[in-house]
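Here the structure is laid out as structure tokens; the discussion comes afterwards.
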Amino acid sequence: MASPRRLAALLAELEDQLITCMRCGFCQAVCPLYGQTGREADVARGKLALLDGLAQEMLRDAAGVQERLQRCLLCGACAAHCPSGVKVLDIFLKARALLTGYLGLSPLQKLVFRGLLSRPARFNRLLALASPWQAILARPADELLGTSCSRLVSPFGPRHFRCLAPEPLHRQTPELHTAPGASGLRVGFFVGCLIDKLYPAVGQAALKVLAHHGVGVELPALQACCGIPALSAGESLTFHRLLAHNLARFRPERFDYLLTACATCAATIRRMWPLMGRDLTAAQQAQVRALAAKTRDVSQFLVETGLVAGGLAAADGGRPLTYHDPCHLHNSLDVTSQPRQVLAASPGWRLKEMAAPDSCCGMGGSFSLHHYELSAAMGRRKLANIKASGCQTVATSCPACMLHISDMLSQAGERVAVRHVLEIYAEGLD
């Protein structure tokens, strides 16, 4: 646990970034949480002012500041639209790490992060043991969406959730090492926790697409979480353990690109690994920078390399589907047209845009766990836009968004399928 003096010194490192905020209020117009609550403390400007005050007052109320900093989806909308270029997410994640270092973790957090998440083999074994018991604790809610709800009083509230897959991707395909085909390209494939354990069909769709286009794949065994849950909680120790674990498995000289089908993993590897990996050795930092530079969302890779060509216009006819922009692709990586081009190249489908496709669905990872009512309220706005589009399928590029949107649709009894862009595209390759 860091001392108050050490924490104050670390916070002082953020001062140059804090003072760049001009308090203009642009973040109010784009913050989904502020749009829901109207509270100044919930918008980036208010939180930055709070941190500035915290540094000056020497942590008079560190626990209170931590609680207010946790009321953030980390969607990146404020940073993407800031006219002063304030790196809001960088500041928030650093501040969370500093405050957690000072206040410490709860016993439950220590168990989850240090006892399980940071130990991938143990984590996988535990979930494998838990999987058969799901039928006792959960009952099916919607077959189309693959959702379930709790049979008993649930600590997770009324949400409809996705159960663990009967066989995770790391058992279906423990590892893969294929040579380049017609494309002449070889990629590393970072699976991510949600695809591995909840949506293995998305991972299989990605591998099918890459094989179809003659792309060699390096899929190392026993991959770990990208680290974003630990970062969001300010838990630096677990993050660095996970990062070191993944660095031992992904050597940038072995492939041309590092791909993932998870928007959050893509943003974390590309942006957060270099930012928060300052305590690594010089060699590890160089490896992180090389991996970050090579990281792409799979749709982005397919379009950038010309493997999927063409504009955004889909052919007339076909089943209509709409697309939800994940925040971590749209705001953090500026990836918007590429998934749409992949959908446009999918036979039998026609893209029909919903209103505000880039508005946050409300998931926000751990935000949804701690502030479910706010998360659900944002999700219901997204649900209304999906319904208004008239489409019976909504596609996206983020498994976390798939979880939350499925929850909203399932609770509302709406017969709308939620699919990953790569699942849609892979179907047309049969």
Quick count over the stretch 200-240, residues being over 30 Å from residue 92 (Cα atoms) and among the hydroxyl-bearing types (Ser, Thr, Tyr), is 0
Given 419, 415, which one is within 30 Å of residue 209 (Cα to Cα), in contact with a Ser or Thr (Cβ under 8 Å, 6 or more places away or on another chain), of a type outside the set (A, V, I, L, M, F, W, C) and not assigned by TED's automatic domain parsing to the domain that holds residue 298? 419
Cβ-Cβ under 7 Å pairs, at least 6 apart or on other chains, the stretch 74-94 side in the same structural domain as residue 270 (by TED's automatic domain parsing), far side crowded, with 20+ Cβ neighbours inside 10 Å and of a type in the set (D, E, K, R): none
Return the pair list, or none, for Cβ contacts closer than 7 Å from residues in the stretch 281-296 that are within 21 Å of residue 260 (Cα to Cα) and β-branched (Val, Ile, Thr) to residues that are modelled with pLDDT under 95 and in a loop (DSSP other than H, G, I, E, B), at least 6 apart or on different chains. 288/277; 288/280
Among (1) at pLDDT 95 or above; (2) within 19 Å of the chain's Cα centre (by Cα), the one test that residue 77 misses: (1)
Identify, from the list 25, 46, the residue that is touching a helix residue (DSSP H, G or I) at 6+ places or on another chain (Cβ under 9 Å), at positive phi and at pLDDT 80 or above. 25
Search result, residues across the stretch 189-199 that are over 15 Å from residue 176 (Cα atoms) and assigned to a helix (DSSP H, G or I): 193, 194, 195, 197
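So is residue 238 hydroxyl-bearing (Ser, Thr, Tyr), under 15 Å from residue 299 (Cα atoms) and either touching a residue at least 24 places away in the same chain (Cβ under 8 Å) or touching a Pro at 6+ places or on another chain (Cβ under 6 Å) (or both) or not?
Considered against the rule, which asks whether it is hydroxyl-bearing (Ser, Thr, Tyr), under 15 Å from residue 299 (Cα atoms) and either touching a residue at least 24 places away in the same chain (Cβ under 8 Å) or touching a Pro at 6+ places or on another chain (Cβ under 6 Å) (or both), residue 238 comes out as no.
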Among (1) modelled with pLDDT of 95 or more; (2) in contact with a helix residue (DSSP H, G or I) (Cβ under 9 Å, 6 or more places away or on another chain); (3) exposed (fewer than 12 other Cβ atoms within 10 Å of the Cβ), residue 152 falls short only on (1)
Among helices (runs of 4 or more DSSP H) entirely inside the stretch 309-396, those with 1 or more residues being under 30 Å from residue 230 (Cβ atoms) and at pLDDT 95 or above are 327-330, 337-344, 372-389
Can you go through 140, 174, 132, 180 and tell me which one is assigned to a strand (DSSP E or B), over 20 Å from the mean Cα position of the chain (by Cα) and of a type outside the set (Phe, Trp, Tyr)? 140
Filtered residue count, the stretch 256-282, keeping only those that are over 14 Å from the mean Cα position of the chain (by Cα), polar (S, T, N, Q) and outside any loop (DSSP other than H, G, I, E, B): 0
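The values are calculated or read from the model by the stated rules, or taken from the named source; none is laboratory data. Source: prediction; values computed, not measured. In this analysis, Cβ positions are derived from the backbone assuming ideal geometry, glycine residues included, and neighbour counts consider all displayed protein chains.
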